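The values are calculated or read from the model by the stated rules, or taken from the named source; none is laboratory data. Values in this document were obtained by computation on a predicted structure and should not be read as measured data. Note that we place each Cβ from the backbone using ideal geometry, even for glycine, and neighbour counts take in every protein chain shown. These accessible areas exclude ligands, DNA and RNA; they are computed on the full protein's heavy atoms, side chains included. Shrake-Rupley method; radii C 1.70, N 1.55, O 1.52, S 1.80 Å.
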Amino acid sequence: MTSAASEADSPATLTHFIGGRFFIPDGGEFGDVFDPATGKVAARVPMADLDLTREAIAAARQALPSWAGTPPLRRARVMFRFRELLEQNADELARIISSEHGKLHDDASGEVTRGLEVVEFACGIPHLLKGEFSENVGTGVDSWSLRQPVGVCAGITPFNFPAMVPMWMFPVALACGNTFILKPSEKDPSAALYLARLLTEAGLPEGVFNVINGGKQAVDALLTDPDVAAVSFVGSTPVAEYIYTTASAHGKRVQALGGAKNHMVVLPDADIEQAANALMGAAYGSAGERCMAISAAVAVGEAGDRLVETLSPMVRNLKVGPAGSRGSEMGPLVTGEHLERVRDYVEFGVREGAALVVDGRDVEVEGHPGGYYLGGCLFDRVNEGMRIYREEIFGPVLVVLRVADLEEALDLVNRHEFGNGTAIFTTDGRAARRFVHGVEAGMVGVNVPIPVPMAFHSFGGWKRSLFGPLHVHGPDGVRFYTRLKTVTARWPDQGPARAEYTMPTMG
Ligand code: NAD
């Protein structure tokens, strides 16, 4: 079992997965994977170098012709089997996610379900690849468009959804007939290896799906190798921009999803209790380590006082503890380094003059002195110039800004550099419509705090939350992982009787 991180006292050594083989390299660098609940090293992860990354690319390249030539219906059948295995092993996968990420078991189970839904979408690939046909575009001439695989695809994924984000990518890529190399986050790589095991069990041929562990060296090799045709990335904005510019300059198609600062606008007519409940889950669920977390609440008019009064005791009473413990509402942050970074932001906020209504920095979790815990933090009276508002914190820190009316709220949201998701809470349909129409974000919720699109729609942000024209999964996923070919055909007996030198027209 490659994911034995929490099964032994001494750290397990994880593997790569190339050409159908799980293996630990003989030498080279290894990184530490932590158990965030205790702060102990739980596993060692091999860090792929250039040669090893090339080996994975070669395996994916070799497997490509046969997999691309496999009828979509048969590719779909592999996906159906993979879907069954995912469902049967969902609990184990959720346990693996929690052990390295720290999120609650139920939260990890939800992540698995959202990934499984993309697999279900990919099971419909014969229908999705049907193409278009026009009969008689000219006399005796027919024309049709079809979608073919792009080739070897690479996915580079973040720590915060170690199973779901890879599943935003590879089920669609594989179903479309591509081969795939996944480079998961080095902070929690075991879920990716477990998914590789399930895909193998589902009957996916060797080399069609590969996992290389590592960091920048492996990523750079993927971005520049001529045999990689497409790169999907999800992570922070500076890295997303780097991935987009580097891979594009090397002739690849790229979709690079970046960071976020998701706003929830609360109008005075909203049910404040409902809005506060929604904010608690959206801001503090998964310790705020979600790209769709709400990290900024924009209170309009008199909603401000009521919202902060309702939220404060809820944040103060949040139960922080290890993922497996009954009653925990929020787990630890992913690493000690990330915990320090988030704590620094809380300090910036205090120094910048925001009102720290709830300070979670003193939280202690019994029996887990080394865990990376932080209690919920709530800032009020935050303004647009403050770093805690401008930058993505990616922790359990919610900032509240106050504005006079809906137009001011819209302008504020639209001035922010990120435009991933956003939400409005109101009972006024006209206000909701104005917001949906005017807001500059890729995903919008009306009385829904985390509007993550279902698998059969596409997921993606605007502005500096996404580099590239296409979103992930859903129809955009199929567009991204296929190339369009349009054929125009005429049979010889209807062809021209003599050479023609004018621009051909039909009719
Ligand atoms: P990250 O950018 O640090 O890492 C993401 C991936 O890039 C990892 O696989 C990592 O190994 C690799 N990487 C890191 N630095 C690199 C470099 N200099 N060169 C090449 N590769 C590099 O992100 P993270 O901390 O793992 O994840 C959190 C971030 O991901 C947050 O910013 C969050 O908003 C974002 N995120 C966005 C979405 C979205 O849908 N837009 C979804 C999930 C997470």
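Highest mean packing comes first when the peptides 121-133, 38-50 are listed by Cβ atoms within 10 Å, giving 38-50, 121-133. For the chain, what is the charge dipole size about the Cα centre, in debye to the nearest 20, if Lys and Arg each add +1 at the Cβ and Asp and Glu each add -1 at the Cβ? With only Lys, Arg, Asp and Glu charged at Cβ, the dipole is about 1500 debye.
Remark: the range 275-353 projects, on average over all directions, an area of 6.2 nm² (convex hull of Cα atoms).
The DSSP beta bridges internal to the chain are antiparallel in roughly 40% of cases.
Using modelled amide H (1.01 Å from N, peptide plane; none on Pro or chain starts), what sits under 5 Å from the amide H of Phe34, excluding residues fewer than 5 places away? Those lying under 5 Å, H to H, from Phe34 are Ala42. Once the C-beta distance of Thr70 and Lys319 is scaled by a Förster radius of 45 Å, the resulting FRET efficiency is 0.35 to the nearest 0.05. Counting Lys and Arg as +1 and Asp and Glu as -1 over every other residue whose Cβ lies under 9 Å from the Cβ of Gly203, the net charge comes to +1.
Shape analysis of the range 383-464 places it in the oblate category; the axes a ≥ b ≥ c from the Cα gyration tensor give an a/c of at least 1.5, with a/b not above b/c. Counted by Cβ distance under 12 Å from Ala192, the other residues give a net charge of 0, where Lys and Arg count +1 and Asp and Glu count -1. Contact order, relative form, for the range 437-507: 20 percent (alpha carbon pairs under 8 Å, 6 or more residues apart, mean separation divided by residue count). When the P(r) is computed for the range 174-218, the part past 13 Å accounts for 55% of the Cα-Cα pairs. Structural size metrics of the chain, computed from C-alpha coordinates, are Rg and Dmax of 24.6, 89 Å. Remark: the range 330-462 carries 43 Å² of accessible area per residue (probe radius 1.4 Å; ligands, DNA and RNA excluded).
In percent, rounded to a whole number, the relative contact order of the chain is 18, using alpha-carbon pairs under 8 Å and six or more apart. By definition, a body whose alpha carbon gyration tensor gives a ≥ b ≥ c is oblate when a/c is 1.5 or more and a/b is not larger than b/c, and the range 247-404 fits this oblate description.
Given R0 = 25 Å, the distance between the Cβ atoms of Arg326 and Glu364 translates into a calculated FRET efficiency of 0.85. Using a 1.4 angstrom probe on heavy atoms only, work out the carbon and sulfur share of the accessible area of the chain in %. Carbon with sulfur: 50 percent of the solvent-accessible area. Amide H contacts of Leu374: Leu333, each under 5 Å away and 5 or more positions distant or on a separate chain (H built 1.01 Å from N in the peptide plane; Pro and chain starts excluded). Its residues counted as N, the range 46-163 yields a C-alpha radius of gyration over 2.2 N^0.38 Å of 1.45.
One chain, two ends: Arg77 and Thr139. Fully extended at 0.36 nm per residue, the span grows by 18.3 nm beyond their Cα-Cα distance. Mean separation of Cα pairs under 8 Å and 6 or more residues apart, divided by the residue count, gives the range 121-193 a relative contact order of 31 percent.
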